[in-house]
């Protein structure tokens, strides 16, 4: 297309040229996403039960203040599902979820030089830069070497532009380097990367793993809004609500379920979220569709409870002290009405995996 | 009667119009390359080579030099770029710290006169005040913004319409949403060159004929990932 010609000395011609540029510029900007993501309000999910209102309040404030979010807490408290729920509520472009791995390097997330064949190499963006226009969920973040993997993003997480140690032209030592903008810049093209207005990191960490797996530096920690996802405040009500929903059968809220007592005894030595106990419920219902959770268990029901507990909860108590394990076993045996011989077997088995 | 002052005034009007546009739309600026220099203050263009006499200017020119030559076969004036290094360089160093979203470049015509015969010489002549202004508006901040303190240059390939910024020795494409060529003189202004006459209007047509542009549109971009 040949360039259009205008006369500078003719006001109408000059105005037409400027109007042409204005129209092109506005059309381009309008077709792009808005410069700032619209402020959305994160609301309580009807499908996620047992999450405290305070958690939603803190998430909403973090989203409105453009913070990255770290969900941490005991295992099984629904952090991953909550992260997905947040991503769905704040994004119109879907989201990307990856699970932390000890094998990760910054090349996997940010990018790095990779061979192209015929002896050539070039910088190829990692999955985070490829999905830079939508929320990026890193589940179980502390399973990777966090500082090493996210190191190049430190500055970006603070909304500042950073330069990657990769040259655009590898062969030229004086070549420009790839850059990542700290904030959304419409129209950005390679070799610069710009986060989309809906991009933000939502990460999860299990507090049990936090001590034993990769630690996070203070510098990186402060770039996230940390939100504690605790076990449900009222676990009896939580279980009754869940069972009622699963079985479509009312259970009186006045009764304390045997499973509630089991969960409390476990929480006394290791706080645990709902997931393992939901697995117990599903296990019981798989064995007996009409399984009665609301009354004191009879002999066959006790055995079903025991199996479900050993399969779904006991492994999560690995590393608890032997004395505490015996206490839990005693409580569980009483709660689910085990015969004395079976109760002793449970104590012995649980002690054997205690410290 | 047109002269250097009227051309400078016309160029200023174009610059002011684009400054107002960008101020309004994005609160950014247009770089008016070489605008502070009068024609007399620009480096000398050699009558022997038709390009900047000082080779050092070529990599950081304040204006784009375009050669005009009379095509005997076609019986018309034609434009072409000088066959020298940096011929596609529109202009030299910008202050890369400014929030720039466009560039307004000066285009200066150089007439190329070839003698006929075995020992034919080539002579060049530069019009005293003729110029055009070539404007590009970028979709967003110039790619060279934040590129460093060493500044940046702009190269333009009129055949492909590709605009590039040379940053630290590496050519980075600079997309643009609009391009426009501005006449700064009346079309009937005449330049007598080696016994031939060239009107400003003819020169504009010859210049326009070699300038292809490829402004970006959203539709021409890769489709967004809607995962």
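Anyone know which of B:206, B:76, B:120 comes out most mobile in the 10 Å Cα GNM of chain B? Comparing B:206, B:76, B:120 in a Gaussian network model of chain B, the most mobile one is B:120. If a spin label sat at a point 7 angstrom from the Cα of residue B:214 along the line to its beta carbon, no backbone N atom of the stretch B:110-136 would be nearer than 13 Å. Among beta bridges identified by DSSP and lying wholly in the stretch A:53-228, the antiparallel ones come to about 30 percent. Restricting attention to the protein assembly as shown, close to 60% of DSSP beta bridges with both partner residues there are antiparallel. Just checking the listed ones, A:11, A:115, A:74: in the Gaussian network model of chain A with Cα springs under 10 Å, the one fluctuating most is A:11. Distance between the pseudo-spin-label points of residue B:53 and residue A:264 (7 Å out from Cα toward the beta carbon): 9.9 nm.
Projected label points at residue A:289 and residue A:88, each 7 Å from Cα along the beta carbon direction, are separated by 2.8 nanometres. Maximal additional length on extending the residue B:128-residue B:116 stretch stands at 1.7 nm, based on 0.36 nm per residue less the C-alpha distance.
Neighbour counts of other Cβ atoms within 10 Å put B:91, B:49 in the fewest-to-most order B:49, B:91.
Exposure proxy shown here: for B:131, A:324, A:130, the number of other Cβ atoms within 10 Å sets the order, fewest to most, as A:130, A:324, B:131. Axis angle, to the nearest 10 degrees, between helix A:11-31 and the longest C-alpha principal axis of chain A: 20 degrees.
Only residues of the stretch A:264-294 count here: report those whose backbone N is under 19 Å from the spot 7 Å along Cα→Cβ of residue A:323, or say none. What the label zone holds, given the 19 Å backbone N cut-off, is A:265-271.
For the segment B:184-195, counting C-beta atoms of other chains within 10 Å of every residue's C-beta and taking the mean gives 1.
Any read-out appearing in this document is the output of simple, stated calculations on the displayed coordinates, not a laboratory observation. Values in this document were obtained by computation on a predicted structure and should not be read as measured data. Positions of Cβ are generated from backbone atoms using ideal geometry, with glycine treated the same way; all protein chains shown enter the neighbour counts.
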